[in-house]
Amino acid sequence: MQNITLLGSTGSIGKKVLKIVARFPERFHIVGLSADKNHKLLIEQALEFNPEIVCINSDEGFRQLKSSLDSSVQIVQGSEGLVQAATHENADTLVSAIVGNIGLAPVIAAIKAHKAIKLANKEPLVSAGKIIIDLARKHSIDIIPIDSEHSAIFQCLQGEKARQVKRIILTASGGPFHNMPVENFKNIKKKEALNHPNWSMGGKITIDSSTMMNKGLEVIEAHWLFGTDYKNIDVVIHPQSAIHSMVEFIDASIVAQLGVPDMTLPIQYALSYPERLEQIHETLTFDILKYEKLEFFKPDFKKFPLLQVAYDCGKKGGLYPTVMNASNEMAVSLFLNEKISFLDISRMVIETLSSFTDNKMDIDLDSIYAADDWARKKCGEIL
């Protein structure tokens, strides 16, 4: 029995995790749940899965949880509550599916508490990749990725030797604007940017996909997860989203992982690893005959400048990825609240980075949090 704390249970990833847990009750048990503001759904989930600890960020949500759940359930709040849930004594696994750098502290605390890590939260590895990977090695903790692309790479590498990897190839759908002329980008509205052609995801990650920052974050993640140099990580546009990523080996062989564009598959693989469990629904069956063609294109770095920004920040290292990530979080939030335009997202990130001069290569959590805070304040000044 795997005893799970699930952070981000009301989001798109979290809800799929709970469907898998419900399908295999003999394999998985929920110890902890967390949400940001959606207390109504969190209460429903808590009543169904009977966790021992529940965390909510909002004050109103905290009050509602207190009045709705049994007194035997420990109810905690905010960033400290996330750490409490992640390190609960009866949990042996942390599934981190929250969005943003708020996921950094609970992941680090869970590693120190010797919990297995199943990671969908991109930002901790982007901001603190070296710290997390070094800590995981120190405590002999494997980090199993949930992202579809990193899950694909992880699966392609099973049974292979790291020294025989030549190149990682991350596939990208291209988002909703792959074929749109760049001169039309100034007219893009929120509704259009949230209309992803293949995947059903949360708002922040969907906007990141439309700017291709999402793929840039994945490049940095891949660097840390698989110990691969940036020059050996390529991105290709693959509009069909049938191949989730590929690995090229030194003998020129390329191994790819295919599947329907549904996050249930990588989530289930991460939860059950090193075993595989039977599919939970017929819609997950991949019928290759339905694909008349599989297309691949070079990404347009001029149309999607944030992809190049991510490569550059990853190579610079230090605090640059933190500043990039924090400014992107701010810019996307402003766009979703319709306070800036689509093109302003990349402008705000680039302007923030161009103002950053206090880089440090020997980073720690304090410097990461300070750089994150500086970037958010800088975005406010730019706004």
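General remarks:
- Close contacts from the range 277-301, counting a first residue that is part of a helix (DSSP H, G or I) and surrounded by fewer than 10 Cβ atoms within 10 Å (Cβ to Cβ) and a second that is among the aliphatic types (A, V, I, L, M) and at pLDDT 90 or above, with Cβ to Cβ under 9 Å and a gap of 6+ residues or different chains, come to T283/V260; I288/A242; I288/L258.
- Check on D208, closer than 16 Å to I340 by Cβ and either of a type in the set (V, I, T) or in contact (Cβ under 8 Å) with a residue 40 or more places away in the chain (or both): yes
- Taken over the range 360-381, the criterion of being surrounded by fewer than 16 Cβ atoms within 10 Å (Cβ to Cβ) and more than 23 Å from the chain's Cα centre (by Cα) is satisfied by K360, M361, D362, K377, G380, E381.
- Residue in the range 37-47 that is farthest from E278 (Cα to Cα), counting only those that are in contact (Cβ under 8 Å) with a residue 12 or more places away in the chain and surrounded by fewer than 19 Cβ atoms within 10 Å (Cβ to Cβ): K37
- Scope the range 215-256; condition closer than 30 Å to R23 by Cβ, out of contact with any Leu (no Cβ under 9 Å at 6 or more places or on another chain) and not hydroxyl-bearing (S, T, Y); matching residues: A256
- Within the option set A97, A105, being hydrophobic (A, V, I, L, M, F, W, C), touching a residue at least 24 places away in the same chain (Cβ under 8 Å), under 25 Å from Q268 (Cβ atoms) and not assigned by TED's automatic domain parsing to the domain that holds A326 holds for one residue only, A97.
- Top-ranked residue of the range 19-31 - restricted to ones that are out of contact with any Leu (no Cβ under 7 Å at 6 or more places or on another chain) and surrounded by 18 or more Cβ atoms within 10 Å (Cβ to Cβ), ranked as farthest from L284 (Cα to Cα): V31
- Residue match in the range 167-175 (condition: assigned to a loop (DSSP other than H, G, I, E, B), crowded, with 24+ Cβ neighbours inside 10 Å and outside the structural domain of S333 (by TED's automatic domain parsing)): yes
- The set of residues in the range 302-316 being of a type in the set (K, R) and either part of a helix (DSSP H, G or I) or loosely packed, with under 13 Cβ neighbours inside 10 Å (or both) consists of K302, K315, K316.
- Residue within the range 17-25 that is under 27 Å from T206 (Cβ atoms) and assigned to a strand (DSSP E or B) present: no
The values are calculated or read from the model by the stated rules, or taken from the named source; none is laboratory data. Keep in mind that this is a model prediction, so the values were computed, not measured. Neighbour counts are summed over all protein chains in view; Cβ atoms, including those assigned to glycine, are modelled from backbone coordinates with ideal geometry.
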